[in-house]
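Take a look at the structure set out below.
The values are calculated or read from the model by the stated rules, or taken from the named source; none is laboratory data. Only a predicted model underlies this, so the values are computations on that prediction, with no experimental measurement involved. When we count neighbours, we look across all protein chains shown, and the Cβ atoms used for this are built from the backbone with ideal geometry, even at glycine. All accessible areas refer to the heavy atoms of the entire protein, side chains included, with ligands and DNA or RNA removed. Shrake-Rupley method; radii C 1.70, N 1.55, O 1.52, S 1.80 Å.
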Amino acid sequence: TRAGGFVVCALVIALALSTTRPREDPVGELRAAIAAGEIVPFYQPVMDIAAGRLIGCEVLVRWRKPTGEVVSPGAFVPLAESSGLIFELTLALMRAARDEVADVYALRPQLKLGFNIHAEHFDNDRIVKDIQEIFGHSAIQLSQLMLEVTERAPLADLAAARRSIAALQALGARVAIDDVGTGHSGLNYLLKLGVDAIKIDKMFVDAIGTERYSNAIIDTLAELGRTMRIDVIAEGVESFEQVEYLREHGIHMAQGYVFAPALPGQAYIDLVEAMCHD
Ligand code: C2E
Ligand code: CA
Ligand code: CA
Ligand code: CA
């Protein structure tokens, strides 16, 4: 019959679609990408703007597909976080960065290597164990590591986070609060964590010279850095005017497109070799 033929036709089409098109499984794809080494580090230089020196870099994750396409973290880090793949992803990224920059970093122990760490990675000292395993026997020293935890996602257990941070510091690593001013935690809470540095979000840097309110925030954070004796790093710095303002207001460290975007490994290594004659 006509109806029967139609059903057969529909079944054939459905079957064809299901075999030619991969099934939608974004978590499975991401897991496979990690296993295949498609999760790669890019490196954004961090500058000492008082001394005009390279301090090191922040590692920013990229997904390099076999097609050559490079995907930004906004497209897959949220999925990694909600699926729990973020731990595995972070470890893969750390191993890849370690292997890539070990030689140039071993010769220049003053250079820092920064990573973004998910808040839950601080639970149960998990990050402490992972850091020791990955960097314990490498040419990169633990004192070269800077671990950034964002203020956006609150740390569930403040006391546990504080212990983890102290344990990392005992190993020589440093810890920074990222995106300061964008979350809801308040400075008092942040300072209780005993971190070594704070990173001022681009949002406040953008407003330099335009909004008195944001200038006041930058001045306050600079003052806080001085009294607490912690480093203050400005991010998203795009102009020389901003660099000047930051320098004049006692902020010594900065990263942003005015210096360089996140660079592929070899480009960053070339920059290190050009800037640090050790
Ligand atoms: P973030 O940690 O605040 O990183 C800074 C972001 O600002 C980076 O974007 C960087 O490329 C960009 N940026 C730096 N300088 C400038 C500038 O002068 N102008 C502008 N317009 N942008 C600038 P990216 O690489 O797309 O990373 C976005 C976010 O993804 C990061 O923000 C971080 O929250 C997250 N992320 C990146 N890598 C990782 C990772 O390995 N683990 C985790 N958990 N999150 C990561
Ligand atoms: Ca960061
Ligand atoms: Ca940041
Ligand atoms: Ca930011």
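Report the percentage of all Cα-Cα pairs in the chain whose separation exceeds 28 Å, rounded to a whole percent. The share of Cα pairs beyond 28 Å in the chain comes to 42 percent. Length available on full extension from VAL71 to ASN124: 0.36 nm per residue minus the Cα-Cα distance, which gives 15.9 nm.
Sorted from greatest to least, the principal axis extents spanned by the alpha carbons of the range 176-278 come out as 40, 32, 22 Å.
All alpha carbon pair distances within the range 31-119 were sorted into 5 Å bins beginning at 0; the resulting P(r) in whole percents reads 3, 13, 23, 23, 16, 12, 8, 3, 1. From the largest down, the range 149-203 spans 33, 21, 16 angstrom on the principal axes of its Cα atoms. Full extension of the chain between ALA139 and LEU91 yields a length gain of 15.6 nm, computed as 0.36 nm times the residue separation minus the alpha carbon distance. Size descriptors for the range 231-278 (Cα atoms only): Rg and Dmax, in that order, 12.4, 34 Å. Computed over the alpha-carbon atoms, the range 127-243 gives an Rg to Rh ratio of 1.01, Rh here being the Kirkwood radius from the mean inverse distance. At an R0 of 22 angstrom, the distance between the Cβ atoms of THR182 and ASN215 translates into a FRET efficiency of 0.80. Taking every DSSP helix (H) stretch of at least 4 residues in the chain, weighting each as -39,500 (n - 2.57) and dividing the sum by the residue count yields a mean residue ellipticity at 222 nm of -14000 deg cm²/dmol. Stretching CYS276 away from ALA32 to a fully extended chain increases their span by 84.1 nm, per 0.36 nm per residue minus the current alpha-carbon distance. In the chain, Cα pairs under 8 Å separated by at least six residues give a relative contact order of 19 percent. Between LEU60 and PHE42, TYR43, GLN44, the built amide H atoms are under 5 Å apart, and every one of these is 5 or more places off in sequence or on another chain.
What does a probe at LEU158 reach in the range 170-213, counting residues whose amide N is under 12 Å from the point 7 Å along Cα→Cβ? Of the residues in the range 170-213, 185-194 have backbone N under 12 Å from the label point off LEU158. ARG31 exposes around 120 Å² of accessible area when a 1.4 Å probe is run over every protein chain in place. To put it simply, the accessible area of the range 67-126 at a 1.4 Å probe is 50 percent carbon and sulfur.
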